[in-house]
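Let me begin by presenting the structure, written as structure tokens, before commenting on it.
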Amino acid sequence: MKLKEQYGDDLGVLMLESQAATPQKMESFALGKQWLGVGGIWTTEHPFEFEGGGLPHTVVLGINGEVLFDGRPTSAIEQIVADQIKLAKKGPKDLSPSCAKAWVDFEKGSYAAAVNALEAVADGPEKEPASKLAAKLAARAKAKVARLDWLIENAEFDQADKLAPLLTKGLAGNAALEPKVKELVEKLGSKEMAGEREAAKALDRVEKKIAKDGFDAAALKQLTGVSEKFAQTRAGKRAAHLVQVVGG
């Protein structure tokens with residue numbers, strides 16, 4: 001999880017529970033390890049088969065889905081991840097000039113401009129790869145809007161407040177996505193969200209304490225307080241769930 005904290009949304013982390021633990025035990029374990037709130041995903045479903053049966057075990061996938069590491073975790077993983085994140089910013093080496101520029105523009109936040117440039121490529125050898133990349137980047141832009149929606153619905157306001165202006169700027173002029181972004185930005189700043197924001201801040205303070213100092217009786221008491229004070233909010237319900245997870 002250290003690399004997830006370091007790279008944030010640039011790195012996806014999937015934690016696989018493979019010893020028949022219940023979801024509640026999984027979450028309790030993660031809470032005890034101070035892993036909650038970092039942004040990883042937990043599952044009991046095997047996404048693919050991997051070599052060996054020992055634990056812990058790590059599989060690293062490159063930006064194109066290629067398996068780059070498969071085995072017990074070592075320090076080599078850090079360099080592999082760093083190289084792949086750099087590559088993701090620049091794009092694959094075999095991109096045509098127009099595709100390479102659009103890729104870099106997209107990574108810099110010019111989402112609409114990158115897609116528009118690719119769609120405007122004239123007939124010729126670059127037309128087909130440009131059209132394919134335009135579709136992929138458009139799907140990624142749509143996913144970013146969906147993420148903003150999810151962040152708001154789940155009271156993750158710190159992340160939503162950072163993402164909203166990036167999408168407002170990057171998708172300006174995009175007929176398909178700009179209206180949805182405006183709708184979400186208005187929702188994010190509405191008076192109706194005031195109570196949700198207050199509750200989210202209270203829960204965030206507790207989660208940061210747990211991440212720093214670990215889970216103890218004081219943290220349980222604080223979680224209980226948040227769940228009771230903000231019972232009708234998303235953050236309050238999340239706090240109540242965590243209290244239940246640890247058996248409070």
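A short reminder: the numbers here are calculations on the coordinates, not readings from a lab. This is a predicted model, so every value here is computed, not measured. No Cβ is skipped: glycine too gets one built from the backbone with ideal geometry, and neighbour counts run over all protein chains shown.
Please give the direction-averaged projected area of the C-alpha convex hull for the chain, in square nanometres with one decimal.
Projected over every direction and averaged, the Cα hull of the chain covers 15.5 nm².
Tell me which trypsin sites (Lys or Arg not before Pro) from the range 161-248 have a DSSP coil assignment and no more than 11 other beta carbons within 10 Å of their own.
Filter output for the range 161-248: empty list.
Show the residues, 5+ positions off or on another chain, whose built amide H is closer than 5 Å to the amide H of Met15.
Under 5 Å from the amide H of Met15: Ile41, Trp42, Thr43.
Run the reach check for Lys229 against aspartates and glutamates, Cα to Cα strictly under 19 Å, same-chain hits fewer than 8 apart removed. What comes back?
Candidates past the 8-residue exclusion: Glu156, Glu192, Glu196, Glu198, Asp204, Glu207.
Output ³J(HN,Hα) for the range 214-230: one whole-Hz value per residue in order, computed from phi by the Karplus curve 6.51 cos²θ - 1.76 cosθ + 1.60 with θ = phi - 60°, and x for Gly and Pro.
For the range 214-230, the Karplus-derived couplings read x, 8, 9, 4, 5, 5, 4, 5, 5, 4, 4, x, 5, 5, 7, 5, 10 Hz, x marking Gly and Pro.
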